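Notes follow once the structure below has been shown.
The values are calculated or read from the model by the stated rules, or taken from the named source; none is laboratory data. Fair warning: this is a prediction, and the values are worked out from it, not measured in the lab. All Cβ positions, glycine included, derive from the backbone under ideal geometry; neighbour counts span all protein chains shown.
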Amino acid sequence: MIRGLGRWTVSKVSGFGDFALFVGRSFAAAVRTRRLPSRLVGAIYEQGVLCLPVILIVSVFTGLVLGLQGYYVLNRFGSEGMLGALVSLSLIREMAPVLAALMLVGQAGSALAAEIGIQRNSEQLVALETMGVNSLGYVVTPRLFSALAVFPLQTALFVVVGLWGGSLSGSLLLGVDSGIYWSSVEHAVEAKDLQECFTKATVFGLLTISICAYHGFHAHRQRGATGARAVSKSTTRAVVHASIVVLTADYVITSFLV
């Protein structure tokens, strides 16, 4: 039992070290990567523009639900005027960065893991290395830099649309005065709330895209699976691990910034 625990611990520490080296080498490869700006634009399009519809839909309904639930909770205490504060702080501090990251993982992250996994499976990455092209710099580095820009922007959009959704359900459906709603938002939100929101978004972007790229890049290491099955398993693990890391990092960051 002790030997088994030791082997498990060593494998986990080794895996974490391998992941850390993967991320470090990916950023270092930016110095030697040619045509990085053009590939960065493509990565921003994949993670930003293509994910825009799902972010808009989820943010609208998140705001609508927060407006409805918040109104019925505050109504019990006669504090309906605080609906804007409840919706805004819930979105900015927690729901917007977490839900935006999970949606981006489900769409952009899974697509990234599958794409790189297929490139590994078809030996395209080996061909790049044979031609003297750094495969990390070619397929991973642009995605990491893109995530640092796209995730905060998508989170900001999520907050804005979510606030309008909360106003829609609170003001038009439940009769809360619109002026009181937005005045409550203005007085409740502080600079530290926005700082926490964008800190989370940046960290989530770096972690999730790194995890998805790592699993896709090492799809050939999947035990008991080869070919398409290995790509499928690596993509599934990428999405699951990235989602768990988002929730774990959310707790850690909140515990330090609260």
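The residues listed here are VAL231, VAL252, VAL240; of these, the one that is without any contact (Cβ under 8 Å) to a residue 24 or more places away in the chain, within 30 Å of GLU123 (Cβ to Cβ) and of a type in the set (A, V, I, L, M) is VAL240.
Scanning the range 1-51 for residues that are closer than 23 Å to SER135 by Cα, of a type in the set (Phe, Trp, Tyr) and exposed (fewer than 12 other Cβ atoms within 10 Å of the Cβ) gives a single hit, PHE16. Taken together, LEU144, LEU163, LEU168, LEU148 contain a single residue that is in a helix (DSSP H, G or I), more than 27 Å from LEU257 (Cβ to Cβ) and in contact (Cβ under 8 Å) with a residue 12 or more places away in the chain, which is LEU168. Identify all residues within the range 24-77 that are touching a Ser or Thr at 6+ places or on another chain (Cβ under 8 Å) and part of a loop (DSSP other than H, G, I, E, B); write none if there are none. Scanning the range 24-77 gives a single hit, THR33. One residue alone among SER79, SER88, SER110 is in contact with a Gly (Cβ under 9 Å, 6 or more places away or on another chain) and among the polar types (S, T, N, Q), and that residue is SER88. Inside the range 71-109, residues that are under 26 Å from the mean Cα position of the chain (by Cα) and of a type outside the set (D, E, K, R) make up a count of 24. Only a single item in (1) within 19 Å of THR254 (Cβ to Cβ); (2) in contact with a Leu (Cβ under 7 Å, 6 or more places away or on another chain) is not met by LEU168, and it is number (1).
Taken over the range 208-246, residues that are loosely packed, with under 13 Cβ neighbours inside 10 Å and at pLDDT 90 or above amount to 1.
One residue alone among VAL239, VAL203, VAL176 is assigned to a helix (DSSP H, G or I), on the phi < 0 side of the Ramachandran plot and out of contact with any Cys (no Cβ under 8 Å at 6 or more places or on another chain), and that residue is VAL203. Flag: VAL73 matches the condition of being among the β-branched types (Val, Ile, Thr) and modelled with pLDDT under 90. Against the conditions (1) hydrophobic (A, V, I, L, M, F, W, C); (2) in contact (Cβ under 8 Å) with a residue 60 or more places away in the chain; (3) more than 13 Å from LEU86 (Cα to Cα), VAL189 satisfies every one except (3).
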